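Okay, structure first, notes after.
The values are calculated or read from the model by the stated rules, or taken from the named source; none is laboratory data. In this text the structure is predicted, and so the values were computed from the model without any measurement. Neighbour counts are summed over all protein chains in view; Cβ atoms, including those assigned to glycine, are modelled from backbone coordinates with ideal geometry.
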Amino acid sequence: MASNLLPECLEKIFTDLLNPIKPIFSNSVETCEIKDLYSCTLVSRYWCQISTPILYSSPFHHFRHLKGGKKPQMGKDFQDYYKLIRTLLTCIPCSEIEEIVKFVCEKGSTIELIGSTGSPTFNYVKFIRELHFDEKFFLNHGKEIWNPSYILIKDPDTINSKLYDSIINHLVKYLFKNCNSLIRLEILRKRLQVDLMKSLAKDRLNGLKKLTLKEPGKVRYENDEMASIIQYYIILSTATSNLEILHNNEIISHEHANALSSLISAQKKLKHIILSDDLRAIVTNFQLSGWYNIVFNSLSTQKGWLERLELISLSFEDINNEAINSLCTLKQLKELRFEMCKFLRVNLLQDWTESLSNLKVLEYKAFSPSYYTYDFEFLTLIFKSCSNTLKKLVLDYNRTIDQEMSLVKDILIHSQFLTHLELPQIFPHELRNIFKSCTELVYFSLILAYHGGWEPVLGHIGKYVPNSVEMIQFREMEFLEITSKTFQYFLEGCVNNNGSKLKLLEITGKCNLSKDFFDAATHSKVQLIKSGTRGRESC
């Protein structure tokens, strides 16, 4: 019966199976489960023909959570990533790989061609619509990934990494030339040894929706390299105008800032912009603020639809009135994130903060403790501006003692409609007051302050947990200062409230949980998950 379904119906079903699993809490990693979709390729030839193009439409996205390292990684996810690379390599004609081998290796080398591999079932590259090249892609782990099976290496230790680098970059070039119209492109430009604009036809960028441009950090560029980067942005400005998401991770010159500004202005409907830079640059580069003034000025061109703005490792020390005025035009802005930013000062940014009346999401990660006082004044002003609309608040700063900071009190006064709240270390009296004031919470993540006197106080706080709360996360717990009995009283207090919706409690960190903790959760019909360096346990 399933074989009789129309292709359009199966495509819809298979596409739904590919949806990424978005993390609930900010410290979790977005994953994309493809096991079910892969199983569909094995059902029948008919299903395979329809599901395979969907499976390979964004193959690298499934592994974005993996980080590269100096040594080969042997976990299952990395092994699957290596298999993907090898599969894509089989799509390249053997003759092209052989030409690389002959060109790179001298006569008498330890490399021998021993035949060719069979053709793959599909040319999987033709299905790709999202390309993602990051550090792990460029790790030349030798024969584990980059050495095709039809090339025999008698003495791998004598082979120079030049061969593997050449194969890596040839695969990049092949992907650019043969993939279908791209909707997403993420590149670490400096690691590429190919001319992107020559390898990727302009007409394949017309449908581009998501673009990430990464440089290797502030380095000394030669004049021709600088000109190449600027030209790259200029060409992108003419080749694509339909971006919805743009992430630029660095500005290296005044001309570069102008080129990025042109790229932003050329877009018809940018909804999400991420501007990030080298953390060291905001300390050492006095020109950086001036460069970002140019970029901020261009944001007003997207004022009708820009909904999410993320600013990472930027300094607002020299922000000018023109840039402020441009930021104030972003009336559609609903999500705002500051990470490791300097000079978040009310005297510099007050006009902008007062215009943020429609924010639903605010995320903040501190630059350093020396900035807390000024930053908290800035945050409080935002709380006041969007007190009726703010639903999600994420705060990340170091706190080691009960400093009686006013920031938590300001949250209780101005942000009582929150449904999602993530906080740093919290003490018992603060936790109780949060539960009393934020009565619409659904997701709540916090750190139980070390030496905070939680035993047995936590057991009595459970009765204050709002009925709306579905998930609680105690994170970064090196050790727990409570007994399983106190934990049981806390859960009982939560679930004994009429209409309690609590389903999940997650504890992350190195602390050990005895079986009694899991038994308490089972008794209260709450799922307990313990996540740490050794993986995840669940009751």
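Can you name every residue in region 336-351 that is under 24 Å from the mean Cα position of the chain (by Cα) and outside any strand (DSSP E or B)?
The first filter runs over region 336-351 and keeps only residues under 24 Å from the mean Cα position of the chain (by Cα), leaving 336-342, 344.
If the condition is that a residue be under 24 Å from the mean Cα position of the chain (by Cα) and outside any strand (DSSP E or B), then Met340, Cys341, Leu344 are the ones that fit.
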Count - residues of region 414-431 that are over 20 Å from Leu359 (Cα atoms) and either part of a loop (DSSP other than H, G, I, E, B) or not acidic (Asp, Glu) (or both): 7
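Let's see how each residue does on (1) modelled with pLDDT under 70; (2) in the same structural domain as Leu299 (by TED's automatic domain parsing):
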site	(1), (2)
Tyr174	no, no
Ile183	no, no
Met197	yes, no
Lys202	yes, no
Glu225	yes, yes
Asn248	no, yes
Ile252	no, yes
Lys268	no, yes
Looking at (1) touching a Cys at 6+ places or on another chain (Cβ under 9 Å); (2) on the phi > 0 side of the Ramachandran plot, which is the only condition Phe444 fails? (2)
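Please tell me if Leu333 is under 24 Å from the mean Cα position of the chain (by Cα) and either assigned by TED's automatic domain parsing to the domain that holds Lys391 or at pLDDT 95 or above (or both). Show your work before the answer.
Details: under 24 Å from the mean Cα position of the chain (by Cα): yes; either assigned by TED's automatic domain parsing to the domain that holds Lys391 or at pLDDT 95 or above (or both): yes.
Answer is yes for this residue.
In region 373-401, how many are in a loop (DSSP other than H, G, I, E, B), of a type outside the set (Ser, Thr, Tyr) and within 21 Å of Gln332 (Cβ to Cβ)?
Quick first cut of region 373-401, residues in a loop (DSSP other than H, G, I, E, B) only: 386-391, 397-401.
Subset that is of a type outside the set (Ser, Thr, Tyr): 386, 388, 390-391, 398-399, 401.
Applying the additional criterion that residues be within 21 Å of Gln332 (Cβ to Cβ) yields 386, 388, 390-391.
The qualifying residues number 4.
Among the residues of region 352-372, write down those that are hydroxyl-bearing (Ser, Thr, Tyr) and part of a helix (DSSP H, G or I). Steps first, answer last, please.
Of region 352-372, the ones hydroxyl-bearing (Ser, Thr, Tyr) are 353, 355, 357, 364, 368, 370-372.
Thr353, Ser355, Ser370, Tyr371, Tyr372 - these are the residues of region 352-372 that are hydroxyl-bearing (Ser, Thr, Tyr) and part of a helix (DSSP H, G or I).
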Considering (1) touching a helix residue (DSSP H, G or I) at 6+ places or on another chain (Cβ under 6 Å); (2) more than 21 Å from Ile529 (Cβ to Cβ); (3) not small (Gly, Ala, Ser), say which one Ile482 fails and leave the rest. (2)
Can you name the residue in region 383-407 that is surrounded by fewer than 18 Cβ atoms within 10 Å (Cβ to Cβ) and at pLDDT 85 or above and, of all such residues, is nearest to the chain's Cα centre (by Cα)? Asp396
Search result, residues across region 307-330 that are under 19 Å from the mean Cα position of the chain (by Cα) and part of a loop (DSSP other than H, G, I, E, B): Glu307, Ser313, Leu314
Does Ile273 satisfy being surrounded by fewer than 22 Cβ atoms within 10 Å (Cβ to Cβ), assigned by TED's automatic domain parsing to the domain that holds Leu314 and among the hydrophobic types (A, V, I, L, M, F, W, C)? no
Considering each residue of region 477-487, count those that are crowded, with 18+ Cβ neighbours inside 10 Å and either of a type in the set (Asp, Glu) or at pLDDT below 95 (or both), and give that number. 3
Answer from Thr121, Thr87, Thr110 - the residue that is farther than 30 Å from Thr212 by Cβ and modelled with pLDDT of 80 or more: Thr121
Inter-residue pairs, beta-carbon under 6 Å, first closer than 18 Å to Asp16 by Cα and in region 35-48, second modelled with pLDDT of 90 or more and among the β-branched types (Val, Ile, Thr), 6+ apart: Thr41/Thr52
For Phe343, are the conditions met, namely being assigned by TED's automatic domain parsing to the domain that holds Ile274, of a type in the set (Phe, Trp, Tyr) and at pLDDT below 95? yes
Does any residue of region 254-266 turn out to be within 18 Å of Asp318 (Cα to Cα), buried (at least 18 other Cβ atoms within 10 Å of the Cβ), at pLDDT 85 or above and touching a Phe, Trp or Tyr at 6+ places or on another chain (Cβ under 7 Å)? yes
